[in-house]
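Peer 1: Can you keep this structure in mind? I'll have questions shortly.
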């Protein structure tokens, strides 16, 4: 099982950096050694200038100049190779994060219901973190570790030169800290407002038909425009602050460089250092303060990556490795529910109070209740998608919520209330993207009566769904979703309103498929309001006022006919799994 951790939305800068380096230790050490070589080789230029001004110009030796130039060129070629090497390692680290993080994010998506709605957002966060590696922004932090070394060299050139460099570094660090303090709050507000605008746009796009039919386009645009304007205002404030700090940092660096050149000239006039030391001091100071300037200039991207890491950090340590899960032998169709309690996220009152139940196949049960009573929540809890408030659900002794989802899915078929199909072909969706199982997909489609509809599509089973593909009607999606649920002859079917959007003939075919599944020894639980489905089940589970009641179809219809609003007369299921209400319904 997954150990959930509360993700930190606002990790500190050090937490972000050490977190990244901890995940990619091998790449971090490679970057360090390459950075060490790069920063040492950066001394080639100031040493070369010192030799030119203090030796070659005084001696007038062309041989010395030639050899010095050849040596410098050779070392600078090594520098270029080292710089290219560390950028290559940074790009490989970005690729490593993609390979590791996406796997863990998808595992987290499968195991943690609270992460389900944010998968796309977290993949976007991963892209932001990768960008700091791919663009080389992260390299400035490695170079920053060598700034004290270059400051020490400035002191060796002359104490006053070192003092100016130290003061300049302190001011630049102060600017970086001030930038972080000023942009943190505005940056967080910008991200929230931009996400709100994007979510609203996605919601509008999904409801185009209703918006156009009811003439809402102007009003929804006005609502989106207000949300977008708030995001743009926050973004403008953030960018203005970032630009101001970046400009101030660059201007200060130029002033500092001029100050070093001026001070060096004064010291040369006073015969306290050589002329070549002026150029060397200028180059070394630029190298010592350059990483700080780069960090301040890229602060906006760094802030985005730091916040993005907050949503990713939990995924790197929260998900157990699913690859080691051992597939179980084919279980028998038996569901045991023990003191199961279900509650909506954040709600105090449970949707269903604790109850016990045992269902043994062959069995087809109708699940009925008012809208909002908890039918969908119960189905999703029974198939292991949503965690219970308390209690357990076991399938032939296996805990549905601890069972590896890839293995569990071989024995479970699920039809959600709103059927969504994945981009791909029709047969890909029916076969759950298993390769080489076309025959099983055809069998499932024929079983639910979808085959005749599918072969009329432009390319039959090879018809593409999604971007660039065919737009299917609600009924067509329903039939394909049913075929997907029946694919592989699962032992347990959980169907949420399976006859919605279907005509009379299609409904009859679905009912026959449910009965055939039961005849093969399977268990079906069907959330429905359709009397035709209820009449063809072995029992009825009614949710009313937080309690689950077991009845036969005859009792259910008699009660509905006599007193439609009265409390059910069936047996209330509570407390113990030994209350085999479904079996007796």
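The values are calculated or read from the model by the stated rules, or taken from the named source; none is laboratory data. On a predicted model such as this, the values are computed, not experimentally measured, just so you know. When we count neighbours, we look across all protein chains shown, and the Cβ atoms used for this are built from the backbone with ideal geometry, even at glycine.
Peer 1: Quick check, is residue 115 under 22 Å from residue 311 (Cα atoms), in a helix (DSSP H, G or I), modelled with pLDDT of 85 or more and touching a helix residue (DSSP H, G or I) at 6+ places or on another chain (Cβ under 9 Å)?
Peer 2: Answer is no for this residue.
Peer 1: Follow-up. State all residues of the stretch 84-104 that are more than 17 Å from residue 28 (Cβ to Cβ) and crowded, with 16+ Cβ neighbours inside 10 Å; if no residue qualifies, say none.
Peer 2: Within the stretch 84-104, just 104 meets the criteria.
Peer 1: Hey, does the stretch 436-448 have a residue that's touching a helix residue (DSSP H, G or I) at 6+ places or on another chain (Cβ under 6 Å), at pLDDT 90 or above, surrounded by 19 or more Cβ atoms within 10 Å (Cβ to Cβ) and under 16 Å from residue 475 (Cα atoms)?
Peer 2: Checked against the condition, which is being touching a helix residue (DSSP H, G or I) at 6+ places or on another chain (Cβ under 6 Å), at pLDDT 90 or above, surrounded by 19 or more Cβ atoms within 10 Å (Cβ to Cβ) and under 16 Å from residue 475 (Cα atoms), the stretch 436-448 yields at least one hit.
Table: residues versus (1) modelled with pLDDT of 80 or more; (2) touching a strand residue (DSSP E or B) at 6+ places or on another chain (Cβ under 9 Å); (3) buried (at least 17 other Cβ atoms within 10 Å of the Cβ); (4) farther than 18 Å from residue 177 by Cβ.
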residue: 248; (1), (2), (3), (4): yes, no, no, no
residue: 255; (1), (2), (3), (4): yes, no, no, yes
residue: 263; (1), (2), (3), (4): yes, no, yes, yes
residue: 276; (1), (2), (3), (4): yes, no, yes, yes
residue: 283; (1), (2), (3), (4): yes, no, yes, yes
residue: 310; (1), (2), (3), (4): no, no, yes, yes
residue: 335; (1), (2), (3), (4): yes, yes, yes, yes
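Peer 1: Counting only residues that are more than 30 Å from residue 71 (Cα to Cα) and either at pLDDT below 80 or not in a helix (DSSP H, G or I) (or both), which one in the stretch 21-48 is nearest to the chain's Cα centre (by Cα)?
Peer 2: It comes out as 23.
Peer 1: A further question on this structure: Among the candidates 394, 432, which residue alone is in the same structural domain as residue 526 (by TED's automatic domain parsing) and either part of a loop (DSSP other than H, G, I, E, B) or under 23 Å from residue 541 (Cβ atoms) (or both)?
Peer 2: Matching residue, one of 394, 432: 394.
Peer 1: Within the stretch 530-547, count every residue that is surrounded by fewer than 20 Cβ atoms within 10 Å (Cβ to Cβ) and touching a strand residue (DSSP E or B) at 6+ places or on another chain (Cβ under 7 Å).
Peer 2: Number satisfying all stated conditions: 4.
Peer 1: Can you confirm whether residue 477 is in contact (Cβ under 8 Å) with a residue 40 or more places away in the chain and over 26 Å from the mean Cα position of the chain (by Cα)?
Peer 2: yes
Peer 1: Of the residues 142, 150, only one is surrounded by 16 or more Cβ atoms within 10 Å (Cβ to Cβ), part of a helix (DSSP H, G or I), on the phi < 0 side of the Ramachandran plot and under 32 Å from the mean Cα position of the chain (by Cα); which?
Peer 2: After ruling out the rest, the residue left standing is 142.
Peer 1: Then there's this: Among 156, 172, which is modelled with pLDDT of 75 or more and surrounded by 16 or more Cβ atoms within 10 Å (Cβ to Cβ)?
Peer 2: That would be 172, the only listed residue that is modelled with pLDDT of 75 or more and surrounded by 16 or more Cβ atoms within 10 Å (Cβ to Cβ).
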